[in-house]
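This report refers to the structure that appears directly beneath it.
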Ligand SMILES: [Cu+2]
C-alpha cells in the first residue's frame with residue numbers, strides 16, 4: 001500500500017501543477033509613470049495597444065513628456081501635474097523631458 005500512497009501523492013502534485021484552466025485575465029489597471037528624482041519610473045513600460053498611460057510629476061521640479069520624434073509634447077507639469085496619452089498602435093515609443101533631456105523613457109506597446 002506504500003506504493004499506492006506515493007502514486008496518489010504524485011497525482012495530487014501533478015493536478016496542482018497542471019490542473020485547472022487559468023482564470024481569465026483581469027483588465028490591467030491604468031498604468032502610471034511617476035516622475036521622481038529626475039527619472040521616469042518605470043523607465044520602460046510595456047502596455048497593450050489601446051492603453052492610456054498617465055504620467056504624474058512627483059518632483060518639486062517642473063518636467064514634461066516629449067516624444068523623441070517630437071510628435072507630441074505635454075504641457076509643463078508642475079508638482080502633482082498629470083499628463084495622459086493613449087497608445088493605439090503597437091510599437092516602441094521613446095520619450096524624454098525636454099527641460100532635462102537626460103530624463104528618458106520608453107513605452108513598449110504590444111498587440112492585445
Ligand atoms: Cu524634466
Requested in this report: Mind checking the full-extension length gain between residue 100 and residue 69? Use 0.36 nm per residue of separation minus the Cα-Cα distance, one decimal, nm.
Outcome: 9.5 nm
Query - Inter-label distance for residue 46 and residue 76, nm, one decimal - labels placed 7 Å from Cα along Cα-to-Cβ - result: 3.7 nm
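Throughout, read-outs are computed from the coordinates displayed, never taken from laboratory work. Bear in mind that the values here come from a model prediction, so they are computed numbers and not experimental data. Cβ: placed from backbone, ideal geometry, glycine included. Neighbour counts: every protein chain shown.
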